[in-house]
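Inspection log for the structure reproduced underneath, given as structure tokens.
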Amino acid sequence: MQFPKIIQGGMGAGVSNWRLAQAVSRLGQLGVVSSTALDQILVRRLGGGDPDGHMKIGFDMFPFQEMAKRVWREYFVPDGKAPDEPYKATPMHTRNDARKLVELCILSNFVEVALARLGHDNAVGINLLEKVQVVHLPSLYGAMLAGAGYVLMGAGIPLHIPGVLDKLALHQPVEYKLSVAGAPSDLDTQLRFDPRDYMESELAPLNRPNFLAIISSNTLATTMLKRGSGKTNGFVVEKHTAGGHNAPPRGKTLFSETGEPVYGERDQVNLEALSELGVPFWLAGGYNTPEKLKEAQSAGAQGIQVGSVFALSAESGLREDLKQELLDQVVAEKAKVFTDPLASPTGFPFKVALLEGTLSGDAEYEARTRVCDLGYLREGYVTPKGAIGYRCAAENIDAFLAKGGTVEETVGRKCLCNALMANVGYGQVRPDGRQEQPLLTAGDGLNEAARFLAPGQHRYTAADVVQILLGEKPEARTLATSAASA
């Protein structure tokens, strides 16, 4: 089987959009869309009036047209909402979602993958976070209906996803265990989804995507192969230098003078031992140069996964003003990334790009009223009555405490859900007129993006990234140096 040398990272929410994935896959590498909050992104695209008509194209391709019509009628706003009006709100996901929320998940993931696949015959992947569990099953089915060739998943241990993919390919019912804090063994915590409850016509079996687990240790690789419910087709080995959520350091957590978690020898993956497992793997986290691609291949990897450099490319969904500000910092070699041990409600370290005008600092964030109304990072817990409830350490503190949380858990936590939506231009408007502000994430190698900017240019494309990484085009920084010396 022919595997890609370059995997474009699945950066959520909406940064790794269908345009970026399409641009990368057209060139024969693996373009990846992020599944994170895709249902909300679709609602807000439709709320904006679908000005370029691409959502309508995706809806028209969907195999179940009655469902497509229901979702379109519910959320489409002709000519788009006014700038000072809020986007339409939807209920937060729970273990037992209403049918219309499930349909929204199926459709949104279908549309994103289907659009990414237009104009070429190469594979497209979709990236999910294991911790965002409640939407896994319908989201995967929607992506598979659109012909996703790869599913990538990290931020947890996705042991049961391979088996889920096997069954969804045959339109069979699937289950997935929801993590619920303090759940007794006899409490039913299973998420359930039966495709035939949503099918409007009989379909042939679907393509079962390749499953790539995103790992940070040899132990997790071995566990996936031995205990996974189906076949794991490969691994993305993600170092702590990668953007987004990082795996916590193994063993006792120590902190640097700047307050960042310190990673050591125990956090290094033994690539020789990984190679002996006989499963393809890609290296991620700072592997964003032609030299790093060659280094990875020399170590036995198929290639590399690249995120932050693609996030700053012309096709990414990142808001244009934020993209340009980051690029300006990169050119000046002043871009800074902080590994925040507290920001994410998940408890995982989270990379924050330090940029003025965003919520990257605690002082800026304290001015925001705590509200949790998207809820993708909520955790399940057992209520005093024995039912399953949901809480988030970034929600209103009194509400969190009433659900059994502690004050200590709320310190430094930030609402990533609303901030990530603002990153891609879909920040919610609050009743007082305030708009949600962005909070950017990037890998430690962010300043390497300068390599892809040609002399006198202020932007680059996904094709520039792919061609330079593959050695098919000289590095822009080298060109700039040559021009200056001439």
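The values are calculated or read from the model by the stated rules, or taken from the named source; none is laboratory data. Since the model is a prediction, treat every value here as computed from it, not as a measurement. Glycine also receives a Cβ, built like all others from the backbone with ideal geometry; neighbour counts cover every protein chain displayed.
Looking only at the stretch 407-424, decide whether some residue is in a helix (DSSP H, G or I), surrounded by 21 or more Cβ atoms within 10 Å (Cβ to Cβ) and of a type in the set (D, E, K, R).
no
So that you can scan it fast, the table gives a plain yes or no per residue for (1) modelled with pLDDT of 95 or more; (2) surrounded by 24 or more Cβ atoms within 10 Å (Cβ to Cβ); (3) more than 27 Å from residue 85 (Cα to Cα):
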| residue | (1), (2), (3) |
| --- | --- |
| 21 | yes, yes, yes |
| 24 | yes, yes, yes |
| 28 | yes, no, yes |
| 33 | yes, yes, yes |
| 44 | yes, no, no |
| 56 | yes, no, no |
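Just the residues that are hydroxyl-bearing (Ser, Thr, Tyr) and touching a Cys at 6+ places or on another chain (Cβ under 9 Å), please, taken from the stretch 114-152.
139, 141 - these are the residues of the stretch 114-152 that are hydroxyl-bearing (Ser, Thr, Tyr) and touching a Cys at 6+ places or on another chain (Cβ under 9 Å).
Go through (1) under 15 Å from residue 424 (Cβ atoms); (2) of a type in the set (Gly, Ala, Ser); (3) surrounded by fewer than 24 Cβ atoms within 10 Å (Cβ to Cβ) one by one and return the number of the condition residue 313 breaks.
The failed condition is (3).
Can you say whether residue 354 is touching a Ser or Thr at 6+ places or on another chain (Cβ under 7 Å), surrounded by fewer than 20 Cβ atoms within 10 Å (Cβ to Cβ) and of a type in the set (A, V, I, L, M, F, W, C), as far as the supplied structure shows? So that I can check it myself, show each step before the final result.
On the way: touching a Ser or Thr at 6+ places or on another chain (Cβ under 7 Å): yes; surrounded by fewer than 20 Cβ atoms within 10 Å (Cβ to Cβ): yes; of a type in the set (A, V, I, L, M, F, W, C): yes.
When the stated conditions are applied, residue 354 passes them.
List the strands (runs of 3 or more DSSP E) that sit entirely inside the stretch 228-328 and contain at least 3 residues that are basic (Lys, Arg), at negative phi and under 21 Å from the mean Cα position of the chain (by Cα). Walk me through how you get there before you give the answer.
Working: elements: 234-238, 281-284, 303-306.
Correct list: empty, since no element meets the threshold.
Output the residues belonging to the stretch 241-273 that are closer than 15 Å to residue 347 by Cα and either β-branched (Val, Ile, Thr) or surrounded by 16 or more Cβ atoms within 10 Å (Cβ to Cβ) (or both).
244, 245, 246, 247, 248, 249, 253, 260, 261
So if I check each of 60, 97, which one is free of Cβ contacts under 8 Å to residues at least 12 places away in the same chain, over 21 Å from residue 152 (Cα atoms) and of a type in the set (D, E, K, R)? Steps first, answer last, please.
On the way: 97 fails: free of Cβ contacts under 8 Å to residues at least 12 places away in the same chain.
Exactly one of 60, 97 is free of Cβ contacts under 8 Å to residues at least 12 places away in the same chain, over 21 Å from residue 152 (Cα atoms) and of a type in the set (D, E, K, R), namely 60.
Is one or more of the residues making up the stretch 431-444 surrounded by fewer than 18 Cβ atoms within 10 Å (Cβ to Cβ) and closer than 30 Å to residue 476 by Cβ?
no
Filter the stretch 411-429 down to residues that are modelled with pLDDT under 95 and over 21 Å from the mean Cα position of the chain (by Cα) and give me whichever is nearest to residue 42 (Cα to Cα).
Taking the candidates together, the pick is 412.
Considering each of 398, 373, 432 in turn, give the residue that is modelled with pLDDT of 95 or more and more than 27 Å from residue 156 (Cβ to Cβ).
Details: 373 fails: more than 27 Å from residue 156 (Cβ to Cβ); 432 fails: modelled with pLDDT of 95 or more.
Exactly one of 398, 373, 432 is modelled with pLDDT of 95 or more and more than 27 Å from residue 156 (Cβ to Cβ), namely 398.
Could you pull out the residue among 91, 51, 78 that is over 23 Å from residue 149 (Cα atoms) and under 24 Å from the mean Cα position of the chain (by Cα)? Before you say what the answer is, go through the steps one by one.
Values: 51 fails: under 24 Å from the mean Cα position of the chain (by Cα); 78 fails: under 24 Å from the mean Cα position of the chain (by Cα).
Within the list 91, 51, 78, the selection yields 91.
Restricting the first residue to the stretch 304-330 and requiring it to be of a type in the set (Asp, Glu) and at pLDDT 95 or above, which pairs with a second residue that is surrounded by fewer than 22 Cβ atoms within 10 Å (Cβ to Cβ) and in a helix (DSSP H, G or I) meet a Cβ separation below 6 Å and a spacing of at least six or different chains?
Hits for this filter: 315/19.
What is the residue count in the stretch 80-94 for residues that are surrounded by 15 or more Cβ atoms within 10 Å (Cβ to Cβ), without any contact (Cβ under 8 Å) to a residue 40 or more places away in the chain and not charged (D, E, K, R)?
Count: 1.
Could you check the stretch 227-270 and list, in sequence order, the residues that are under 21 Å from residue 305 (Cβ atoms), among the acidic types (Asp, Glu) and either at pLDDT below 90 or touching a Phe, Trp or Tyr at 6+ places or on another chain (Cβ under 9 Å) (or both)?
Answer for the stretch 227-270, where residues must be under 21 Å from residue 305 (Cβ atoms), among the acidic types (Asp, Glu) and either at pLDDT below 90 or touching a Phe, Trp or Tyr at 6+ places or on another chain (Cβ under 9 Å) (or both): just 267.
For residues in the stretch 1-16 being part of a loop (DSSP other than H, G, I, E, B) and over 10 Å from the mean Cα position of the chain (by Cα), which is modelled with the lowest pLDDT?
Our first condition is that a residue be part of a loop (DSSP other than H, G, I, E, B); within the stretch 1-16, this holds for 1-5, 9-16.
Still in the running and over 10 Å from the mean Cα position of the chain (by Cα): 1-5.
Details: 1: 70, 2: 86, 3: 93, 4: 97, 5: 98.
It comes out as 1.
For the stretch 381-406, name all the residues that are without any contact (Cβ under 8 Å) to a residue 60 or more places away in the chain, out of contact with any Leu (no Cβ under 7 Å at 6 or more places or on another chain), surrounded by 19 or more Cβ atoms within 10 Å (Cβ to Cβ) and not basic (Lys, Arg).
Passing the criteria: 393, 394, 395, 400, 405.
With the structure loaded, tell me whether residue 353 is under 25 Å from residue 157 (Cα atoms), in contact (Cβ under 8 Å) with a residue 24 or more places away in the chain and in contact with a strand residue (DSSP E or B) (Cβ under 6 Å, 6 or more places away or on another chain) or whether it fails that test. Spell out the reasoning first.
Values: under 25 Å from residue 157 (Cα atoms): no; in contact (Cβ under 8 Å) with a residue 24 or more places away in the chain: yes; in contact with a strand residue (DSSP E or B) (Cβ under 6 Å, 6 or more places away or on another chain): yes.
Answer is no for this residue.
Can you name every residue in the stretch 175-217 that is part of a helix (DSSP H, G or I), of a type outside the set (D, E, K, R) and surrounded by fewer than 18 Cβ atoms within 10 Å (Cβ to Cβ)?
The first filter runs over the stretch 175-217 and keeps only residues part of a helix (DSSP H, G or I), leaving 195-197.
This time we only want the ones that are of a type outside the set (D, E, K, R), so: 195.
If the condition is that a residue be part of a helix (DSSP H, G or I), of a type outside the set (D, E, K, R) and surrounded by fewer than 18 Cβ atoms within 10 Å (Cβ to Cβ), then no residue fits.
Tell me which of these residue 171 doesn't satisfy, since it passes every other one: (1) over 23 Å from residue 23 (Cβ atoms); (2) in a loop (DSSP other than H, G, I, E, B); (3) within 21 Å of the chain's Cα centre (by Cα).
If we test residue 171 against (1) over 23 Å from residue 23 (Cβ atoms); (2) in a loop (DSSP other than H, G, I, E, B); (3) within 21 Å of the chain's Cα centre (by Cα), just (3) comes out false.
Out of all the residues in the stretch 22-36, which are more than 14 Å from residue 147 (Cα to Cα) and outside any strand (DSSP E or B)?
23, 24, 26, 27, 28, 29, 35, 36
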